[in-house]
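Asks: So that we are looking at the same thing, I have put the structure below in structure tokens.
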């Protein structure tokens, strides 16, 4: 076990957990977070601590850490702010190595509370105890069935790590990943970052074999210099995608009162990200989109994109979007046009985007994709509206539930099969294939099923042509960064 | 009936429909579009026309328009391009007043085909027959159960009209509306606009009592001057939200080969939109978002926004987003702060955004909203993360399906009730209340149910704080435009 793994083991893979401030009152966080921990199925012992109750949510309760039958690896702390330094003392005395402090009311309130936070950190550090928070939402480690957080959200294990200076934004990110079938390796709401800073989590996630990509929401830095030093090291191993808030005056004011963060200017941050290989996302959807795109795609060798579309309008939007994010949409060489002539209808428009012109011929989609992947003038391909190019049997609206169910299953299987083909070709030609917009046959629950099923294999269909362009551009930028260090 | 209603009646409320090029081959558009028309439940007679088949999809077929037992109001035409002028002649001879030409292969191919298109139009105009298309996806008028289009998508009747120079983009827009429970008044894929141009549909929709907002996707204009003259007239009655494609070189090239559109520069278009009161959207999601926001909100009297958030991070993102789209996020006057002090926890941050600081007290959300609506320094309110501020009972993960179902129903009811309160307050204070991000308890199908249920009442929860800001800014711009003409 490396030093960093040893440091984080009690946080992300604890053998037992003490819950200080456990409650039987369903309107208190001491109830809700504990309920999530229990409902999440944590395998080791959970020790609720509450001096006034013999039992909490069906578990035997203890008066204080001193009374516990063993030393828990992790202490979750939700007691009022003024009690926390003393709680830390008790944990240290018992030998607890990690604390998750959900309680708010520290540095974000300034003055006395800033000093209270410092006192707490000093005692923990002296006692060799690491701290998450305070003023945070919690942590999750799905592979350990550790769901120790405020929202009743239970992502499955998966490749995405989330570190956020807002627990709610962290939850928003994880929900977005889950909707697309992607699970989580770690979830950290880092709060005020009194002890552990986001860069510490990055360092751990870089080593963590479960993590394939790190998604992060940042309001400001305790130590910007170290942050970017760590990021620079980490991005050579794994991509970091970051959403930075507080770039405007009103946003900075809000960030200050939220997590006592000095947001800094957007421009400085942009420059530092570029130097450290950090990929910036503009919003929570982009964060998920870029993250999902980095999980199983080969990186492009350049910025030249071919577009195959089952609908002309989607192609126009994609071409615009590509140019706006700094990609090129070159015309195609004669040999590629000749290949496409071989199987597209005679009135196809012989340009890039390749518009399948409402053709209902089977095979044109995959063959067009392969022609573009083979084309030396292109570095990657965006596919749009693929469902419109697949043979889907029409059903009368009066079809029975049974018939609809069978049709849906066949359709889901067809989609998975065609994605397998896409990704097989992407791997073969070592060029990314980014799929967007849209599944008109898959409305409502079928759409969720499809998204989940795709995500389990690391696949995704982006809702807009614009998203596909942003993802392709991010892959290209990250590839350029890595090449600059090769 | 006004002149314009008379002109469009055979298109959007036909008593009977002839389908020329009807097919029994499921791989042909002549099958698929007819199947959609039948499955959509069109109430009047449908007359398939095919000289080689006695029966098509269970309906008696006719050899030509001349053989029909009555004059159909509308002819849907899917026969090959070279046959179309003659088909038009037959329709005119029979007295048909409207044609929907789905067939492609006209002006978008240039040369001879441009002349073919002109020939077809000349004959139709001479015969007083209006034409939609060619090279289009179809039209829908849900209130007439007229679903005469390529995608098997059946939006319910509702307030949103869609006019698009791409049938696939039109479908994408309608699917986005449907996911949020919003139905459609009209759906028009306008194609090459050989006869009817998008501005003609605008004129109709302005008069159409079903239509509350017009969403439009445009690649270029046949007659830009007339387009903006009509738009200027229409926007005084109803908002037009527009997504314009082809603004980049690659996009313009794609638009030219798609619908023979001259895209023009983005800057000229922007200026013309501002003068005509047309609201621009950047992508298909924004189009839906702004459209939905215009359906039942009072328009703001200025650009000053109050934000109430159940999570600090969402508030920071919203503040940034507001500033970036030209809204202001002012600090609050002392009297409003004092009001909020009355029911928020003592450690609340006394600023705008108003962060409910993970408070679990009931009522704080609605009371905060009302305080901000009452505040004379604010013109509208953005609410974020409202589910996190509502009392939702936690369930063990082992809860039975029955318990989960009852909890879900109660939760859905609670959400509708609280939205009713929001909108009641919005109406009372005549200031918009825009809700965003997010329903963490509502994953998968429950989220769809909730979105649908909200949409039926004209409500929506936007996925990102950024979306809420964009919608608020669009409401403000539209209000400013209308005031400039008052």
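The values are calculated or read from the model by the stated rules, or taken from the named source; none is laboratory data. Everything quoted here is computed from the prediction, not taken from an experiment. We place every Cβ from the backbone using ideal geometry, glycine too, and count neighbours over all the protein chains shown.
Asks: Which residues, counting only those in segment B:199-226, are surrounded by fewer than 20 Cβ atoms within 10 Å (Cβ to Cβ) and under 26 Å from residue A:349 (Cβ atoms)?
Replies: B:222, B:223, B:224
Asks: Separate question: Out of segment A:72-102, which residues are under 18 Å from residue A:51 (Cα atoms), free of Cβ contacts under 8 Å to residues at least 60 places away in the same chain and either outside any helix (DSSP H, G or I) or outside the structural domain of residue A:49 (by TED's automatic domain parsing) (or both)?
Replies: Scanning segment A:72-102 gives A:72, A:75, A:77, A:78, A:79, A:80.
Asks: Does residue A:125 meet the test of being surrounded by fewer than 21 Cβ atoms within 10 Å (Cβ to Cβ) and over 19 Å from residue A:150 (Cβ atoms)?
Replies: Judged against the criteria, residue A:125 is a match.
Asks: Show the residue pairs that are 6+ apart or on different chains and have beta-carbon atoms under 6 Å apart, the first residue being within segment B:239-261 and farther than 18 Å from residue B:202 by Cβ, the second being surrounded by fewer than 24 Cβ atoms within 10 Å (Cβ to Cβ) and at pLDDT below 85.
Replies: Pairs found: B:247/B:266.
Asks: In the set B:161, B:124, which member is assigned by TED's automatic domain parsing to the domain that holds residue B:290 and on the phi < 0 side of the Ramachandran plot?
Replies: B:161
This table checks each residue for (1) more than 14 Å from chain A (Cβ to nearest Cβ); (2) at pLDDT 90 or above; (3) surrounded by fewer than 20 Cβ atoms within 10 Å (Cβ to Cβ); (4) over 27 Å from residue B:472 (Cβ atoms).
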{"site": "B:385", "(1), (2), (3), (4)": "no, no, no, no"}
{"site": "B:417", "(1), (2), (3), (4)": "yes, yes, yes, no"}
{"site": "B:436", "(1), (2), (3), (4)": "no, yes, no, no"}
{"site": "B:444", "(1), (2), (3), (4)": "no, no, yes, yes"}
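Asks: Among the residues of segment B:200-241, write down those that are within 14 Å of chain A (Cβ to nearest Cβ) and more than 21 Å from residue B:295 (Cβ to Cβ).
Replies: Residues satisfying the conditions are B:218, B:219, B:220.
Asks: Can you spot a residue in segment B:263-282 that is within 11 Å of chain A (Cβ to nearest Cβ) and surrounded by 23 or more Cβ atoms within 10 Å (Cβ to Cβ)?
Replies: yes
Asks: Would you tally the residues in segment A:255-282 being part of a helix (DSSP H, G or I) and at pLDDT 85 or above?
Replies: 7
Asks: Anything in segment B:1-56 that is assigned to a helix (DSSP H, G or I) and without any contact (Cβ under 8 Å) to a residue 12 or more places away in the chain? List them, or say none.
Replies: Selection gives B:3, B:6.
Asks: Residues in segment B:158-179 that are more than 22 Å from residue B:223 (Cβ to Cβ) and within 12 Å of chain A (Cβ to nearest Cβ): how many?
Replies: 10
Asks: Here is a follow-up. Test residue B:230 against the stated conditions and say whether it is in contact with a helix residue (DSSP H, G or I) (Cβ under 7 Å, 6 or more places away or on another chain), in a helix (DSSP H, G or I), farther than 25 Å from residue B:385 by Cβ and without any contact (Cβ under 8 Å) to a residue 60 or more places away in the chain.
Replies: Yes, satisfied.
Asks: Another question, then. Scan segment B:55-65 and tell me whether some residue there is over 29 Å from the mean Cα position of the chain (by Cα), surrounded by 18 or more Cβ atoms within 10 Å (Cβ to Cβ), within 25 Å of residue B:190 (Cα to Cα) and not assigned by TED's automatic domain parsing to the domain that holds residue B:142.
Replies: yes
Asks: Is it the case, given these coordinates, that residue B:115 is more than 17 Å from residue B:90 (Cα to Cα), assigned by TED's automatic domain parsing to the domain that holds residue B:17 and over 17 Å from the mean Cα position of the chain (by Cα)?
Replies: yes
Asks: Please give the helices (runs of 4 or more DSSP H) falling wholly within segment A:283-376 in which 1 or more residues are within 8 Å of chain B (Cβ to nearest Cβ), more than 30 Å from residue B:322 (Cβ to Cβ) and at pLDDT 95 or above.
Replies: Filter on segment A:283-376 gives A:312-324.
Asks: Only one of these conditions is not met by residue A:25: (1) within 14 Å of chain B (Cβ to nearest Cβ); (2) exposed (fewer than 13 other Cβ atoms within 10 Å of the Cβ); (3) closer than 27 Å to residue A:206 by Cβ. Which number is it?
Replies: Every listed condition holds for residue A:25 apart from (3).
Asks: When you scan segment B:390-403, how many residues do you find that are surrounded by fewer than 13 Cβ atoms within 10 Å (Cβ to Cβ) and either in contact with a strand residue (DSSP E or B) (Cβ under 7 Å, 6 or more places away or on another chain) or modelled with pLDDT under 85 (or both)?
Replies: Residues that pass the stated criteria total 4.
Asks: For segment A:119-153, enumerate the residues that are within 17 Å of residue A:39 (Cβ to Cβ), touching a helix residue (DSSP H, G or I) at 6+ places or on another chain (Cβ under 7 Å) and within 14 Å of another protein chain (Cβ to nearest Cβ).
Replies: Within segment A:119-153, A:137, A:138, A:147, A:149, A:150, A:151, A:152, A:153 meet the criteria.
Asks: Just give me the residues in segment A:83-115 being within 14 Å of chain B (Cβ to nearest Cβ) and surrounded by fewer than 19 Cβ atoms within 10 Å (Cβ to Cβ), in sequence order.
Replies: If the condition is that a residue be within 14 Å of chain B (Cβ to nearest Cβ) and surrounded by fewer than 19 Cβ atoms within 10 Å (Cβ to Cβ), then A:110, A:111, A:112, A:114 are the ones that fit.
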